[in-house]
Amino acid sequence: MFNKLRKYKREYSPGRFLFTEGQIGKETFILLSGELEVIKGNKIVNTIKQSGSFFGEISALLGIARTASVKTKTKAEILIIPDCDFQKIIGEHPEIGHKLAKVLAKRLVDTTSKFVELKCKIDDHDIYFKEH
């Protein structure tokens, strides 16, 4: 699937920031190889190492500032697709849009689960202090 998108392929050495938190972005990124770090503030909050992983799409799709920084941990090959081309690509290759929808749905499920877990911990904590 990604062979058709070769013209968007870039290679990066370790330690290179692909984008920083707060920047306005108009590109979606797809990891082909390598390992990346997702950084929020000064803390590494996630790693991306699975080939085919989308990232940076929130800013591109919604026109908002980047919610985190992404830096290469190892040498990496990445597709960088401008938003204007991304719409066309999804139209021509609906399987890419389907894959992105699945990625976003999984992230929503994961985020919701984490939110519920944290809320339960907070509620349990509040009950503990009310009883003591």
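The values are calculated or read from the model by the stated rules, or taken from the named source; none is laboratory data. Since the structure is predicted, the reported quantities are computational estimates derived from the model, not experimental observations. Here the Cβ is made from the backbone with ideal geometry for all residues, glycine too, and neighbour counts use every protein chain on show.
Scan the stretch 5-27 residue by residue and report those that are of a type outside the set (A, V, I, L, M, F, W, C), outside any strand (DSSP E or B) and closer than 15 Å to residue 77 by Cα.
If the condition is that a residue be of a type outside the set (A, V, I, L, M, F, W, C), outside any strand (DSSP E or B) and closer than 15 Å to residue 77 by Cα, then 6, 7, 8, 13, 14, 15, 16 are the ones that fit.
Within the stretch 61-76, is there a residue that is touching a helix residue (DSSP H, G or I) at 6+ places or on another chain (Cβ under 6 Å) and either within 15 Å of residue 30 (Cα to Cα) or of a type in the set (D, E, K, R) (or both)?
yes
Under 9 Å between Cβ atoms, which residue pairs at least 6 apart in sequence (or on different chains) link something in the stretch 115-132 that is on the phi < 0 side of the Ramachandran plot and modelled with pLDDT under 75 with a partner that is of a type in the set (A, V, I, L, M) and assigned to a helix (DSSP H, G or I)?
From residues that are on the phi < 0 side of the Ramachandran plot and modelled with pLDDT under 75, there are no pairs.
Inside the stretch 74-92, can you point out the residues that are farther than 24 Å from residue 11 by Cα and either acidic (Asp, Glu) or surrounded by 14 or more Cβ atoms within 10 Å (Cβ to Cβ) (or both)?
Once the filter is applied, which keeps residues that are farther than 24 Å from residue 11 by Cα and either acidic (Asp, Glu) or surrounded by 14 or more Cβ atoms within 10 Å (Cβ to Cβ) (or both), the stretch 74-92 yields only 92.
Which of the residues spanning the stretch 56-72 are touching a strand residue (DSSP E or B) at 6+ places or on another chain (Cβ under 8 Å) and surrounded by fewer than 17 Cβ atoms within 10 Å (Cβ to Cβ)?
Correct list: 61, 63, 64, 65, 67.
Sort through 99, 26, 73 and tell me the only one that's touching a Cys at 6+ places or on another chain (Cβ under 9 Å) and in contact (Cβ under 8 Å) with a residue 24 or more places away in the chain.
When all the criteria are applied, what remains is 26.
Which residue is surrounded by the fewest Cβ atoms within 10 Å (Cβ to Cβ), if the candidates are limited to the stretch 13-40 and must be over 23 Å from residue 97 (Cα atoms) and hydroxyl-bearing (Ser, Thr, Tyr)?
My answer is 13.
Residue check, residue 53 against (1) among the polar types (S, T, N, Q); (2) surrounded by 12 or more Cβ atoms within 10 Å (Cβ to Cβ); (3) out of contact with any Leu (no Cβ under 7 Å at 6 or more places or on another chain), all met but one. Which one?
For residue 53, the exception is condition (3).
Test each condition in (1) surrounded by 11 or more Cβ atoms within 10 Å (Cβ to Cβ); (2) out of contact with any Phe, Trp or Tyr (no Cβ under 6 Å at 6 or more places or on another chain); (3) modelled with pLDDT of 95 or more for residue 43 and report the one that comes out false.
Single failed check for residue 43: (1).
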